[in-house]
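The values are calculated or read from the model by the stated rules, or taken from the named source; none is laboratory data. Everything numeric in this text was worked out from a predicted model, so none of it was measured. As a convention, Cβ positions derive from the backbone with ideal geometry for all residues, glycine included, and neighbour counts pool all protein chains shown.
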Amino acid sequence: MVTILKSTIECNDTRLGKSFDIFIQVMIVLSLVSFSVETLPNISDELRTYLYRFEVFSVSIFTFEYIARIISADDKKKFIFSFFGIVDLFAILPFYLSTGLDLRTLRTFRLLRLVRILKLARYSAAAKRFHRAFIIAKEELALFLFAALIILYLAGVGIYYFEFPAQPEVFSSVFHSLWWAVATLTTVGYGDIYPITVGGKIFTFFILILGLGVVSIPAGMVASALSKAREMEDD
């Protein structure tokens with residue numbers, strides 16, 4: 001029994017394994033479409049009933065898949081706490097926890113159903129390559145993230161001291177200034193808040209230069225790691 005499950009779920013080079021993979025992918029896409037249809041205004045009660053029945057059916061399929069993957073896993077604990085193990089759990093958990101909840105909480109749990117889209121990554125070779133690349137560059141990315149958070153905080157503090165005297169209602173605290181820092185460092189630049197003092201404008205110029213590095217450096221790290229991941233696949 002376990003051998004059959006393993007060959008069906010983990011071996012996508014067999015006919016049965018390919019069929020199972022395609023079926024699960026179709027179910028994921030249909031469940032996301034169903035989620036979107038539920039948000040349409042003024043849908044009929046009949047359609048809502050059909051959508052609920054499909055949700056029950058899809059959750060049953062995903063539950064079977066989750067249990068089957070646990071049974072067929074060589075290291076069950078490792079699978080349960082792995083990325084895809086957690087994704088598989090959160091893909092079905094909202095349905096079982098939503099019973100008896102108030103409407104606001106229920107909407108939050110329904111939103112968690114979008115986790116199912118991450119299940120598609122299991123069937124993508126490119127997604128697996130990205131995962132491998134992030135593992136290769138995880139230490140460098142973690143260090144850069146820490147440095148970026150420090151720069152973000154210092155940018156918020158700096159613009160606060162430059163602009164608070166001139167715009168106390170906009171840059172009323174360091175926390176309010178962090179929104180400007182995020183928009184500037186990521187080079188988004190919404191334009192909803194901006195400096196008007198000379199010092200603030202000069203400070204913003206240097207922050208924009210730093211922002212180019214904040215965007216480009218991690219992209220270069222991931223690109224280099226992707227090249228290494230592809231070389232590992234070729235070997």
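What is the one condition in (1) of a type in the set (Phe, Trp, Tyr); (2) within 22 Å of His131 (Cα to Cα); (3) surrounded by 14 or more Cβ atoms within 10 Å (Cβ to Cβ); (4) modelled with pLDDT of 90 or more that Phe62 does not satisfy?
Exception for Phe62: condition (2).
Out of curiosity, is Ala133 within 20 Å of the chain's Cα centre (by Cα) and surrounded by 15 or more Cβ atoms within 10 Å (Cβ to Cβ)?
Values: within 20 Å of the chain's Cα centre (by Cα): yes; surrounded by 15 or more Cβ atoms within 10 Å (Cβ to Cβ): yes.
So Ala133 passes the test.
Only one of these conditions is not met by Gly211: (1) in contact (Cβ under 8 Å) with a residue 12 or more places away in the chain; (2) farther than 17 Å from Leu149 by Cα. Which number is it?
(2)
Would you check if there is a residue in the range 35-44 being charged (D, E, K, R) and closer than 20 Å to Arg116 by Cα?
Looking for residues that are charged (D, E, K, R) and closer than 20 Å to Arg116 by Cα, one finds at least one in the range 35-44, hence yes.
Determine whether the range 95-110 contains at least one residue that is assigned by TED's automatic domain parsing to the domain that holds Val26, crowded, with 17+ Cβ neighbours inside 10 Å and modelled with pLDDT of 80 or more.
Yes, some residue in the range 95-110 is assigned by TED's automatic domain parsing to the domain that holds Val26, crowded, with 17+ Cβ neighbours inside 10 Å and modelled with pLDDT of 80 or more.
Given the condition in a loop (DSSP other than H, G, I, E, B) and surrounded by fewer than 12 Cβ atoms within 10 Å (Cβ to Cβ), answer yes or no: does some residue in the range 193-209 qualify? Write out each step before concluding.
We begin by selecting, within the range 193-209, every residue in a loop (DSSP other than H, G, I, E, B); these are 193-197.
Of the ones still in play, those that are also surrounded by fewer than 12 Cβ atoms within 10 Å (Cβ to Cβ) are 196.
Yes, the range 193-209 contains at least one residue that is in a loop (DSSP other than H, G, I, E, B) and surrounded by fewer than 12 Cβ atoms within 10 Å (Cβ to Cβ).
Does the range 156-169 hold any residues that are in contact with a Phe, Trp or Tyr (Cβ under 8 Å, 6 or more places away or on another chain) and either in a helix (DSSP H, G or I) or loosely packed, with under 14 Cβ neighbours inside 10 Å (or both), and which are they?
If the condition is that a residue be in contact with a Phe, Trp or Tyr (Cβ under 8 Å, 6 or more places away or on another chain) and either in a helix (DSSP H, G or I) or loosely packed, with under 14 Cβ neighbours inside 10 Å (or both), then Gly156, Gly158, Ile159, Tyr160, Phe162, Glu163 are the ones that fit.
Within the range 114-153, how many residues are touching a Phe, Trp or Tyr at 6+ places or on another chain (Cβ under 8 Å) and not aliphatic (A, V, I, L, M)?
The total comes to 4.
Consider only pairs whose beta carbons are under 7 Å apart and that are at least six residues apart or on different chains; among these, list those whose first residue lies in the range 47-69 and is free of Cβ contacts under 8 Å to residues at least 24 places away in the same chain and whose second residue is of a type in the set (S, T, N, Q).
That search, which allows pairs on different chains as well, returns Leu51/Ser34.
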